[in-house]
1. Which numbered condition in (1) aliphatic (A, V, I, L, M); (2) in contact with a Lys or Arg (Cβ under 8 Å, 6 or more places away or on another chain); (3) in a helix (DSSP H, G or I) is the only one that LEU311 fails?
2. For segment 71-86, give me each residue that is closer than 18 Å to SER52 by Cβ and not hydroxyl-bearing (Ser, Thr, Tyr).
3. Any residue in segment 301-312 that's under 14 Å from ALA246 (Cβ atoms): show its pairings with residues that are open to solvent by 60 Å² or more (accessible area, probe 1.4 Å) at Cβ separation under 7 Å, as long as the two are six or more apart or on different chains.
4. Regarding segment 22-32, can at least one residue be identified that is buried (at least 19 other Cβ atoms within 10 Å of the Cβ) and more than 22 Å from TYR248 (Cβ to Cβ)?
5. Would you point out which residue out of ALA276, ALA269 is open to solvent by 60 Å² or more (accessible area, probe 1.4 Å) and either over 20 Å from ILE244 (Cα atoms) or assigned to a helix (DSSP H, G or I) (or both)?
6. Please find, among THR323, THR310, the residue that is open to solvent by 70 Å² or more (accessible area, probe 1.4 Å) and within 26 Å of GLN88 (Cβ to Cβ).
7. If the requirement is being open to solvent by 30 Å² or more (accessible area, probe 1.4 Å) and modelled with pLDDT of 95 or more, which of these qualifies: HIS282, HIS219, HIS206?
8. Please determine whether any residue of segment 328-343 is within 25 Å of SER205 (Cβ to Cβ), open to solvent by 30 Å² or more (accessible area, probe 1.4 Å), in contact (Cβ under 8 Å) with a residue 60 or more places away in the chain and part of a helix (DSSP H, G or I).
Amino acid sequence: MHPRLPYTPDLLRTLTARFAARAATYDRSGEIATKNLDDLRQAGLLALTVPSRYGGHALGLRQVAEVVGTIAQGDPSTALILSMQYLQHAAIVQSGRWPENVHRLVSTAAVRDGALLNALRVEPELGTPARGGMPATVLHHDGTTWRLNGSKIYSTGSTALRWGIAWVSTREDTPRTGQALVPLDAPGVRIERTWRQMGMRATGSHTIVFDNVALPDDHLVDLRPPQDWARRDSGAESTHALVIGALYDGVARSARNWLISFLHARVPANLGQPLATLPRFHSLLGEIDGLLMTNRALLADALDRHDRETLSALDANLVKHLTTENAIRAVEQAVAAIGNPALSQDNPLERHYRDVLCARIHTPQADVALAAAGRAALTPPPE
């Protein structure tokens, strides 16, 4: 194993088993699994993509996908909060636009305290910024300081975050859009508990409201003319797509493992032997393993191409689409095969099914990934 890695496969397996034992409780309560985050903090796993100059590990996409995909087999809600921590710290590095003192602030806090941050982008009217539009969350200068007003929905990790990276617009003669770093314990910030979704319930993706929140100049970390944001960061886009693919692949693998244990344990009276002995379930597991083998190959190829800097965002987005649809199909197959037990809250498979369906709401959504690939295929090459 690479000597720089601050974790071992045994550590990840131990944490995954521990998180799996807690997952049903947090799912039912809808609370963030703070014990899981404490364990990740204690294990030193919250600063893997922080630059080494700040004491972080500066690990890359391959290691992030491994950690997130493994942790997701225990509790995908925790894995999503963790993945956002990794992706945001990596994106700060890739942008190269944050003030040095603010970059140091969030980085050293992640290393020292395991402090969490995440991007806050989605709004009730705007929807996801990936589809365009100006944010209604607005910065204005009152003559003394900058003030932030607005709200963000689907704010993953909300109550566990120290900072939010809010997608904002400015009220200026020439408006700018971009990122403002908001300490979530600042006066004027409040969290409304609006996350009542069917799946990924323990992500705490509540609404965060900003009411005249004062921000220092250096916390306006990356504001640009709106047209400058039209040139999307393909590296960050690809990284996000593959990490999300790895996460939901992990959910499907957990469902597959539970199904195997169920088929061995279930002995119907009329059969007199475990369901695992029936040929129909042999075929079922073959189909599920084929889907997951495809995922493994897709992700491995994409990671190899990412390492060689030959992976396009177009291909990464297709990999996200394909791996998450394969994961959903794998869990659906398990649910359809065993009937009522699959939909009982007494069994993890019911939770895995609700969780894996959430893969479809992550950027890029299917229509965007497929349409972009189709346009590229039908665009004549330059002469």
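1. All conditions pass for LEU311, except number (3).
2. Within segment 71-86, GLN85 is the sole residue that qualifies.
3. Listed pairs, sorted by first residue: LEU303/ARG62.
4. Checked segment 22-32: no residue is buried (at least 19 other Cβ atoms within 10 Å of the Cβ) and more than 22 Å from TYR248 (Cβ to Cβ).
5. Going through ALA276, ALA269 in turn, just one is open to solvent by 60 Å² or more (accessible area, probe 1.4 Å) and either over 20 Å from ILE244 (Cα atoms) or assigned to a helix (DSSP H, G or I) (or both): ALA269.
6. On the way: THR323 fails: open to solvent by 70 Å² or more (accessible area, probe 1.4 Å).
On inspection, the qualifying residue turns out to be THR310.
7. HIS282
8. no
The values are calculated or read from the model by the stated rules, or taken from the named source; none is laboratory data. Bear in mind that the values here come from a model prediction, so they are computed numbers and not experimental data. For neighbour counting, all protein chains shown are included, and Cβ atoms are generated from backbone atoms with ideal geometry for every residue, glycine included. Side chains are part of the model used for accessible areas, which takes the heavy atoms of the whole protein and leaves out ligands, DNA and RNA. Shrake-Rupley method; radii C 1.70, N 1.55, O 1.52, S 1.80 Å.
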